[in-house]
1. According to the Cα gyration tensor, what semi-axes, each the square root of 5 times an eigenvalue, does the equivalent ellipsoid of segment A:1-101 have, listed from largest to smallest in whole Å?
2. Share of antiparallel DSSP beta bridges in segment A:4-115, in percent to the nearest 5?
3. Using a 7 Å offset from Cα along Cα-Cβ at B:Phe111, what residues in segment B:1-33 end up with backbone N under 11 Å from the label point?
4. Could you calculate, for segment B:30-92, the ratio of the Cα radius of gyration to the Kirkwood radius, expressed as Rg to Rh?
5. Run the dipole for chain B about the Cα centre, Lys and Arg Cβ at +1, Asp and Glu Cβ at -1, nothing else charged, and hand back the magnitude in debye, nearest 20.
6. Averaging over all projection directions, find the projected area of the Cα convex hull of the protein assembly as shown and quote it in nm² with one decimal place.
7. Based on Cβ point charges of +1 for Lys and Arg and -1 for Asp and Glu, what charge dipole magnitude is obtained for the protein assembly as shown about its Cα centre, in debye rounded to the nearest 20?
8. What does the accessible area of B:Lys57 come to, in Å² to the nearest 10, when a probe of 1.4 Å is used?
Amino acid sequence: GPKVLQIPSHQIIDMGQMVTLNCDPVSNHLYFYWYKQILGQQMEFLVNFYNGKVMEKSKLFKDQFSVERPDGSYFTLKIQPTALEDSAVYFCASSSDRGGAETLYFGSGTRLTVL
Amino acid sequence: GEKVEQHESTLSVREGDSAVINCTYTDTASSYFPWYKQEAGKSLHFVIDIRSNVDRKQSQRLTVLLDKKAKRFSLHITATQPEDSAIYFCAASNNYAQGLTFGLGTRVSVFP
């Protein structure tokens with residue numbers, strides 16, 4: 001079936017540095033999402049993105065976070081600068097429309113460790 | 001904001017028996033409740049959902065019940081099979097799949 005690929009699967013970075021997490025969504029999908037899961041806690045919504053714009057974001061989506069999808073390439077989450085509390089697994093998802101969850105496909109996550 | 005509590009963190013079930021996972025939510029505006037399954041080493045995979053205009057939905061061996069008054073919903077798996085072993089996540093939203101709030105997950109283990 002359709003797959004969302006996340007690259008890399010693991011990333012280790014020093015606090016204060018910039019990191020970019022990459023997501024290759026399902027090819028005909030138009031809506032893109034990032035979720036964050038701290039170890040042992042719930043997966044939490046960060047942001048959704050459509051037509052080149054952020055549609056909704058949560059309070060977890062700090063000013064240091066940004067998302068883009070230039071020219072239909074990877075959908076990226078950039079954190080600059082990183083902080084210790086950014087250590088988590090970040091899940092990307094994509095969907096073809098603003099429909100039900102049956103249209104939402106998740107990637108396997110990128111584990112980010114900030115030292 | 002919305003909070004979703006998933007009451008069982010683990011569940012061991014004998015093959016062929018039923019499994020029930022219970023979730024509660026806090027936001028009365030929530031109207032959409034999907035369930036996801038995550039098998040070992042794989043990403044989340046949608047299994048079934050229910051919207052607030054109904055109180056029951058069935059798909060093969062899966063049934064979801066919704067009690068809006070109690071702000072509670074549950075996933076029932078009948079005639080469990082080894083391939084049902086996974087982590088199951090409940091979620092809630094006030095707007096279809098946008099901005100889902102997830103539970104912590106329930107690890108279901110089906111043993112022979």
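1. After scaling each eigenvalue by five and taking roots: 22, 14, 14 Å.
2. Here the antiparallel bridges make up roughly 90 percent for segment A:4-115.
3. From segment B:1-33, the list is B:12-15.
4. Rg divided by Rh gives 0.98.
5. Dipole of chain B, to the nearest 20 debye: 240 debye.
6. Over all viewing directions, the protein assembly as shown projects a mean Cα-hull area of 12.2 nm².
7. 360
8. Counting only protein heavy atoms, B:Lys57 exposes about 80 Å² to solvent.
The values are calculated or read from the model by the stated rules, or taken from the named source; none is laboratory data. Keep in mind that this is a model prediction, so the values were computed, not measured. Cβ sites come from the backbone with ideal geometry, for glycine too, and all protein chains shown count toward neighbours. All accessible areas refer to the heavy atoms of the entire protein, side chains included, with ligands and DNA or RNA removed. Shrake-Rupley method; radii C 1.70, N 1.55, O 1.52, S 1.80 Å.
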